[in-house]
Amino acid sequence: MPSRDRRTALLLALLAFLVYNANFRRIGAGDSYPARFLPFALWNHGTLYLDPIREVTAQRHPAPYWIRPTPDGRSASLYPVVTPLLAAPLYLPPALWLRWTGETYERMSWLGEILEKLAASAIAAAAVGWMFLLLRRRLEPRDAVLLTAAFALGTNTWATSSQALWQHGPAELLAVGALWFLTGELTAGNLLAAGALAGLLAANRPPDLLLAAAFGVYVLLRTRRRVLWFAAAAAVPGLLAAAYNLTMFHQLSGGYGSIGLTGGDFFAHPVGRGLAGLLASPGRGLFVYSPFLLFLPLLFHRALADRSARTLTLCLAGGVALQLFLYAQTDWRGGSSYGYRFLTDMVPILIWMLAPVLASLGRPARAAFLACCLLAAGAQAIGTFKYMGLSDIAINDPSDLGMSNVWKVANAPILVEARQDRAPFDLLRKALNPP
């Protein structure tokens, strides 16, 4: 790998980190509270239970859905713990400072919110830098920079992954890493690394098992006997996640099973309507918020032109299709969030598949592609600097059983939030006024 590429990757990651923090606020929901505070429990109390930090994790909410009682009467996170474990190294010095000064509610709330944003933006920025190196295997420097910038600023990597410790930022980083090792020489070491990352991907967010399985199918088709290296490495985080779920909740489905997210009723929505909504609705459509990605399905035959990567492309396309089919059966609106949050994890795969399409474009098509990238960046900027949840009121209206509101242009978050004033720099104000 040329040193120039490494320098460019580092520069892109640093620029992304600065841009991701330029709004000086966190954009998240209760979903990320356990990931925000669990590193404190890990470093200062040696546990993944929430009991020592339950009060601050609840954030004085009367019924915090993100905290679940365990069968033995303790408290645990509703969500898998891969994300807080990946963020934990960044928390070590602040956690030691808290141990020395005292873990008061005010001090932990103040420090936790700042650390969550910094950790989320650092993870997303790392994915950006690694994405550039990955794309350089397929593209010339200019095109690799362009597509990396589109990934960093024209997708929900900006408005979602970099803004709070959702599961999506780590999922994107893990997906980029798996692609990196599988697009190199398939040595035992690379297969072990790819398998471990794929296993973590599935353990971090269960629906991403379909993406991890796509990586596994590719390895099976390409290497046959060496698939055991991949499978063995992938099994380690899978077994650890299963052990955690059985220990905490006495069931393999973990916290999700405790609230019925694995039941049949959760997957009872019309598939066709869900697919259309995930891809094209004004409220949550992938191609509405990141229109440059539309070049991939329209010119998919060009993505297959690279014979050396054709098998991997087809396997990943199958994984993406299956995940779309899965999400289409759920309430795919994604709760209080901006854009296509549910589909964020697959974005690195779509970007990688898009690379040969971009390389094949002539001048007029390239100009159209660039225009779509700019539109996408504008949509993400609105979410990052102006989104305050006003658009969620209509989109998530409980009485809207048919999810028709998400299709109304007047309810589109891009338009609704764009009319609002810039969101205040809350995080900057809090950082300058410690308790």
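When you scan region 278-299, do you find a residue that is loosely packed, with under 15 Cβ neighbours inside 10 Å, in contact (Cβ under 8 Å) with a residue 12 or more places away in the chain and either under 30 Å from residue 380 (Cβ atoms) or over 22 Å from the mean Cα position of the chain (by Cα) (or both), even just one?
As a first pass, look at region 278-299 and keep what is loosely packed, with under 15 Cβ neighbours inside 10 Å: 280, 297-298.
Now drop any that are not in contact (Cβ under 8 Å) with a residue 12 or more places away in the chain, which leaves none.
Looking for residues that are loosely packed, with under 15 Cβ neighbours inside 10 Å, in contact (Cβ under 8 Å) with a residue 12 or more places away in the chain and either under 30 Å from residue 380 (Cβ atoms) or over 22 Å from the mean Cα position of the chain (by Cα) (or both), one finds none in region 278-299, hence no.
Checking each residue in region 386-402 for being within 24 Å of the chain's Cα centre (by Cα) and over 23 Å from residue 18 (Cα atoms) picks out 389, 390, 391, 392, 393, 395, 396. Filter region 199-229 down to the residues that are in contact with a Pro (Cβ under 9 Å, 6 or more places away or on another chain) and either small (Gly, Ala, Ser) or assigned to a helix (DSSP H, G or I) (or both), then identify the one that is nearest to residue 354 (Cα to Cα). This residue is 201. Among the residues of region 364-378, is any touching a Ser or Thr at 6+ places or on another chain (Cβ under 7 Å), buried (at least 21 other Cβ atoms within 10 Å of the Cβ), touching a residue at least 12 places away in the same chain (Cβ under 8 Å) and of a type outside the set (Asp, Glu)? Yes, region 364-378 contains a residue that is touching a Ser or Thr at 6+ places or on another chain (Cβ under 7 Å), buried (at least 21 other Cβ atoms within 10 Å of the Cβ), touching a residue at least 12 places away in the same chain (Cβ under 8 Å) and of a type outside the set (Asp, Glu). Under 30 Å from residue 195 (Cα atoms) and among the hydrophobic types (A, V, I, L, M, F, W, C): does that describe residue 268? Answer is no for this residue.
The residues of region 130-185 that are crowded, with 23+ Cβ neighbours inside 10 Å, small (Gly, Ala, Ser) and more than 15 Å from the chain's Cα centre (by Cα), listed by number, are 144, 150.
Going by the structure shown, is residue 22 over 24 Å from residue 130 (Cα atoms), among the aliphatic types (A, V, I, L, M) and exposed (fewer than 14 other Cβ atoms within 10 Å of the Cβ)? Write out each step before concluding.
Numbers: over 24 Å from residue 130 (Cα atoms): no; among the aliphatic types (A, V, I, L, M): yes; exposed (fewer than 14 other Cβ atoms within 10 Å of the Cβ): yes.
So residue 22 fails the test.
Of the numbered criteria (1) β-branched (Val, Ile, Thr); (2) farther than 28 Å from residue 397 by Cα; (3) modelled with pLDDT under 95, the one residue 320 fails is (3).
Just so you know, in region 71-112 the residues that are touching a Lys or Arg at 6+ places or on another chain (Cβ under 8 Å) and more than 27 Å from residue 241 (Cα to Cα) include one that is surrounded by the fewest Cβ atoms within 10 Å (Cβ to Cβ), and it is 101.
The values are calculated or read from the model by the stated rules, or taken from the named source; none is laboratory data. Because the structure is predicted, anything quoted here is derived from the model rather than measured. Ideal geometry is used to build each Cβ from the backbone, glycine not excepted, and the neighbour counts take in all protein chains shown.
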